[in-house]
Every structure is written in C-alpha cells, then in structure tokens.
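One structure is given here, and the rest of the page talks about it.
The values are calculated or read from the model by the stated rules, or taken from the named source; none is laboratory data. All figures in this text were calculated on a predicted structure; none of them were measured in a lab. Reconstructed Cβ throughout: ideal geometry from the backbone, glycine too, with neighbour counts over all protein chains shown. Note: accessible area is taken over every heavy atom of the protein model, side chains too, but ligands, DNA and RNA are not part of it. Shrake-Rupley method; radii C 1.70, N 1.55, O 1.52, S 1.80 Å.
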Amino acid sequence: MAKKIILIACVSQKGDKKAKAKDLYTSQLFKSSLAFANKQNPDKIFILSALHHLLDIDEEIEPYNVTLSYQYYFLCHVTLSNVPKAKRKPELKILTSKEKLNWGKKVVEQLAKQTDLQNDEFIILAGQEYIKPIINSISHFSNPLNGLRQGERVKFLNEN
C-alpha cells in the first residue's frame, strides 16, 4: 500500500542549541509547513536539509549555518535559491547547476532507502530550487505551494 510522505524545505532561521530537527527550525514558514504536514496524517515527514540532505524530523542535530552545502565541518552559507545580489550576505555561495544535481542525487538515494519512489505519494512543501533536483525520481507528487510567494505560502498553509 502506498504511503503518504511529506518533504519540507529547511529554512535559515534556526535555534542556537542542539534539538530535534522539527524544533531547530524556527521560521513561521517552517512552523506553518510542519503544522500543515501533520494535519495531512502522513506516514512520514522529512526535511530537505542543506547540510543533511534528507533529515528525519525527530533526529537531533546541532545548529548550522548552511542553506545547501556539502561542507559538513564549516559554518558557511550556501543556497539552492537564486538570491538577488542586494539581499545576499557576503558569505553566501550560490550552488552551481552541477552542485544542485549532486545534492538532489544524494536526497533521492536517501529517500529510496526509506520510501517507495514509484508508489508512495509525496507532498512537497518547498520552493522550485529544492524540488527540481529530485522531482524526476518521484512518480507521484503534489506541490501545493507552487506559484505562491513566501507570505502567500504561510497564509495558504495556515488556512488549509
């Protein structure tokens, strides 16, 4: 029987001490995404993490300052998103297309060990830059936030 799997994008706002992943991320978007996910009665919820790739929500992790990076031992800022130069912090690195694909391959490898990519139903609560590297490996998915800006996403998640 197919399972319902929800994938939530990580966020840059985090607590400052070790915590379960679901408690470490502190932004309103993440909190609203998690509340929405729980209301869907899923079989499993994962976080699409910059540092950990695929992260179980109950796994305890240390705070980190990576938005999408393979540099496990360094505090740096790296992102999948195309952040405008005016909003970009000096230490922020934008991943290349190849790096994004490698990130996606790792996420898919981790998902394949815990889910059925061909039969499970995935609900993805993330921006396009997080979805593009993994979507071709998932047969059944929905993206309820598609086309919504960040403020619109929070409103949608809170109303549904």
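May I ask you to list pairs of residues, at least six apart or on different chains, whose Cβ atoms are under 7 Å apart, with the first in segment 116-140 being free of Cβ contacts under 8 Å to residues at least 12 places away in the same chain and closer than 15 Å to Val11 by Cα and the second being open to solvent by less than 20 Å² (accessible area, probe 1.4 Å) and of a type in the set (S, T, N, Q)?
none
Check Gly15 against each of (1) in contact with a helix residue (DSSP H, G or I) (Cβ under 8 Å, 6 or more places away or on another chain); (2) closer than 26 Å to Glu99 by Cβ and name the one condition it does not meet.
Unmet condition: (2).
May I ask you to say which residue of Lys106, Lys132, Lys113, Lys100 is touching a Gly at 6+ places or on another chain (Cβ under 8 Å) and of a type in the set (D, E, K, R)? Steps first, answer last, please.
Numbers: Lys106 fails: touching a Gly at 6+ places or on another chain (Cβ under 8 Å); Lys113 fails: touching a Gly at 6+ places or on another chain (Cβ under 8 Å); Lys100 fails: touching a Gly at 6+ places or on another chain (Cβ under 8 Å).
So the residue among Lys106, Lys132, Lys113, Lys100 that is touching a Gly at 6+ places or on another chain (Cβ under 8 Å) and of a type in the set (D, E, K, R) is Lys132.
Could you tell me which numbered condition Glu109 fails, if it satisfies all but one of (1) over 20 Å from Ala2 (Cβ atoms); (2) open to solvent by less than 60 Å² (accessible area, probe 1.4 Å); (3) not in a loop (DSSP other than H, G, I, E, B)?
Answer for Glu109: the failing condition is (2).
If the requirement is being at pLDDT 95 or above and either out of contact with any Ser or Thr (no Cβ under 7 Å at 6 or more places or on another chain) or open to solvent by 20 Å² or more (accessible area, probe 1.4 Å) (or both), which of these qualifies: Asn143, Asn102?
Result of the check over Asn143, Asn102: Asn143.
Would you be able to tell me the number of residues in segment 22-48 that are crowded, with 22+ Cβ neighbours inside 10 Å and either free of Cβ contacts under 8 Å to residues at least 60 places away in the same chain or closer than 20 Å to Lys113 by Cβ (or both)?
7
What number goes with the only condition from (1) within 15 Å of the chain's Cα centre (by Cα); (2) among the polar types (S, T, N, Q); (3) under 16 Å from Lys105 (Cα atoms) that Ser137 does not pass?
With (1) within 15 Å of the chain's Cα centre (by Cα); (2) among the polar types (S, T, N, Q); (3) under 16 Å from Lys105 (Cα atoms) applied to Ser137, the lone miss is (1).
Please specify each residue of segment 1-10 satisfying the condition of being surrounded by fewer than 19 Cβ atoms within 10 Å (Cβ to Cβ) and either touching a Leu at 6+ places or on another chain (Cβ under 6 Å) or in a strand (DSSP E or B) (or both). Lay out the reasoning, then the answer.
First pass over segment 1-10, keeping only residues surrounded by fewer than 19 Cβ atoms within 10 Å (Cβ to Cβ): 1-4.
Of everything in segment 1-10, just one residue is surrounded by fewer than 19 Cβ atoms within 10 Å (Cβ to Cβ) and either touching a Leu at 6+ places or on another chain (Cβ under 6 Å) or in a strand (DSSP E or B) (or both), namely Lys4.
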